[in-house]
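Report on the structure given below.
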Amino acid sequence: MSIPDFEVLEDSDQVAKHIEKIDNSGHEIFDTKHRCKDGEIKDVEVSVNLVELAGEKMCYAFVRDISARIENERELITARDEAQRANYAKSEFLSRMSHELRTPMNAILGFSQILRLQQLTASQQDFIDEIITAANHLLVLIDELLDLSRIEAGNM
């Protein structure tokens, strides 16, 4: 069999260019696809060396099946893409939740501050102060949550 009989990705001209490159450099390693005797096509790594025997230049090649490596790389890329989508969804959720929480919390704070301006007993003033303190604390937590979602969204 000649190279074009089993080489899938390159035509005869491209194979000739590869041979010329090997003739100039003496060595080359590349990934390609080869057709097996049974017609199956496999991903392979080809390592070619140029040698001179009895005054004649010859190439010898080692061909290694890299189908498992290629499949592993595809799986890793798929897993990475899924993780990025999940991270984006989480960041989007955190951002929306912080907005949805901030809106009613600002209303609670606003009404609490209006109530504070009213004539209230000392006990009622203490309750209002507790509401305002708790609401401010929750707003800080919500802001931190929003900041976290922005940081994680920026790292994607």
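Data for the structure
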{"quantity": "Every residue from the stretch 11-39 that is farther than 18 Å from residue 60 by Cβ and under 31 Å from the mean Cα position of the chain (by Cα)", "calculated": "31, 33"}
{"quantity": "Filter result for residue 74 (exposed (fewer than 11 other Cβ atoms within 10 Å of the Cβ), of a type in the set (Lys, Arg) and assigned to a helix (DSSP H, G or I))", "calculated": "yes"}
{"quantity": "Residue 108 being surrounded by 12 or more Cβ atoms within 10 Å (Cβ to Cβ), assigned to a helix (DSSP H, G or I), among the β-branched types (Val, Ile, Thr) and in contact (Cβ under 8 Å) with a residue 24 or more places away in the chain", "calculated": "yes"}
{"quantity": "Every residue from the stretch 32-49 that is part of a strand (DSSP E or B) and open to solvent by 80 Å² or more (accessible area, probe 1.4 Å)", "calculated": "35, 41"}
{"quantity": "Selection status of residue 5, exposed (fewer than 11 other Cβ atoms within 10 Å of the Cβ) and over 30 Å from residue 145 (Cα atoms)", "calculated": "yes"}
{"quantity": "Single residue of 20, 52 found to be outside any strand (DSSP E or B), free of Cβ contacts under 8 Å to residues at least 40 places away in the same chain and exposed (fewer than 12 other Cβ atoms within 10 Å of the Cβ)", "calculated": "20"}
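The values are calculated or read from the model by the stated rules, or taken from the named source; none is laboratory data. Quick caveat, the model's predicted, so the values are computed rather than measured. Counting neighbours? That spans all protein chains shown, and the Cβs are built from the backbone with ideal geometry, glycine included. Just the protein is used for accessible areas: all its heavy atoms, side chains included, with ligands, DNA and RNA removed. Shrake-Rupley method; radii C 1.70, N 1.55, O 1.52, S 1.80 Å.
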